[in-house]
Amino acid sequence: MRIAVYPGSFDPVTNGHIDIIKRAASMVDHLIIGVLHNSSKTPLFSAEERVNMLSEVCQELPNVEIRAFDGLLVDFVVECHATIVVRGLRAVTDFEYELQWAQSNRIVCPQMDTMFLVTNVQYSYLSSSVVREYAAYQGDISAFVPESVARRLREKFDNRTLVQ
Ligand code: ADP
């Protein structure tokens, strides 16, 4: 059975991520989306909220599972009994960083391979940070994320405004 892990922050999941998820899921038997819970960073959405958003948008994909993790990716990959790590490449600037991790991960975990999927050009500009910035200023994010995610973003920023 071919098991892959697609790790990331997904803060929040975007249409670019979803495109990679669908393409990767069609190539492997089981795809585990690893939602990184990094205690030294303060994300906009908690790991639980990010897992819930991903579960909603992936509900039609039967071989996709969503799990939160912290610590080293190699440890999570071994725990999942996976041998493939999926990463998306948007631009050359992504490549240098990704290459370094792919190579160091193979030194530590030789059975693990990183599979790079090149973004569809229509999503090459898209990142979670762009989405967060637009949403913070009530910008139109309908081309960037599914409606269920856009709703959570609106709720998040409405609540923040109320608290201030
Ligand atoms: P972001 O950079 O959006 O905060 P993440 O840390 O959640 O992203 O990224 C998880 C993975 O998804 C990375 O491999 C990243 O390169 C990839 N990715 C992010 N946005 C896109 C996109 N628009 N198209 C293709 N891959 C993407």
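The values are calculated or read from the model by the stated rules, or taken from the named source; none is laboratory data. Since we're looking at a predicted model, the values are computed, not measured. When we count neighbours, we look across all protein chains shown, and the Cβ atoms used for this are built from the backbone with ideal geometry, even at glycine. The protein model used for the area step is the full one, side chains on, heavy atoms only, and it has no ligands, DNA or RNA in it. Shrake-Rupley method; radii C 1.70, N 1.55, O 1.52, S 1.80 Å.
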Among residues of region 1-39 being more than 12 Å from the ligand (Cβ to nearest atom) and not in a loop (DSSP other than H, G, I, E, B), the residue farthest from D75 (Cα to Cα) is A25
Residue satisfying condition, being open to solvent by 50 Å² or more (accessible area, probe 1.4 Å), closer than 17 Å to I3 by Cβ and charged (D, E, K, R), within set E79, E56:
E79
Would region 89-111 turn up any residue that is on the phi < 0 side of the Ramachandran plot and within 13 Å of the chain's Cα centre (by Cα)?
yes
Output the residue which, of all residues in region 40-94 that are small (G, A, S) and closer than 27 Å to V121 by Cβ, is nearest to the ligand (Cβ to nearest atom).
G88
Subset of region 125-143 that is within 14 Å of the chain's Cα centre (by Cα) and touching a residue at least 60 places away in the same chain (Cβ under 8 Å) - its residue that is farthest from T93 (Cα to Cα):
V131
Scanning region 40-85 for residues that are part of a loop (DSSP other than H, G, I, E, B) and within 20 Å of R132 (Cβ to Cβ), the one farthest from the chain's Cα centre (by Cα) turns out to be S40
Note on region 1-32: residues touching a Gly at 6+ places or on another chain (Cβ under 8 Å) and aliphatic (A, V, I, L, M) are V5, I20
Which listed residue, of L153, L126, L117, is outside any loop (DSSP other than H, G, I, E, B), of a type outside the set (G, A, S), closer than 24 Å to V5 by Cα and open to solvent by less than 60 Å² (accessible area, probe 1.4 Å)
L117
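May I ask you to verify whether Y134 is away from the ligand (no atom under 12 Å from the Cβ) and part of a helix (DSSP H, G or I)?
On the way: away from the ligand (no atom under 12 Å from the Cβ): yes; part of a helix (DSSP H, G or I): yes.
Yes; evaluated as a whole, the condition is true for this residue.
Go through region 95-114 and give me each residue that's away from the ligand (no atom under 14 Å from the Cβ) and either open to solvent by 60 Å² or more (accessible area, probe 1.4 Å) or outside any loop (DSSP other than H, G, I, E, B) (or both). Write out each step before concluding.
Residues of region 95-114 that are away from the ligand (no atom under 14 Å from the Cβ), as a first pass: 103-104, 106-113.
Hits for region 95-114 are Q103, S104, R106, I107, V108, P110, Q111, D113.
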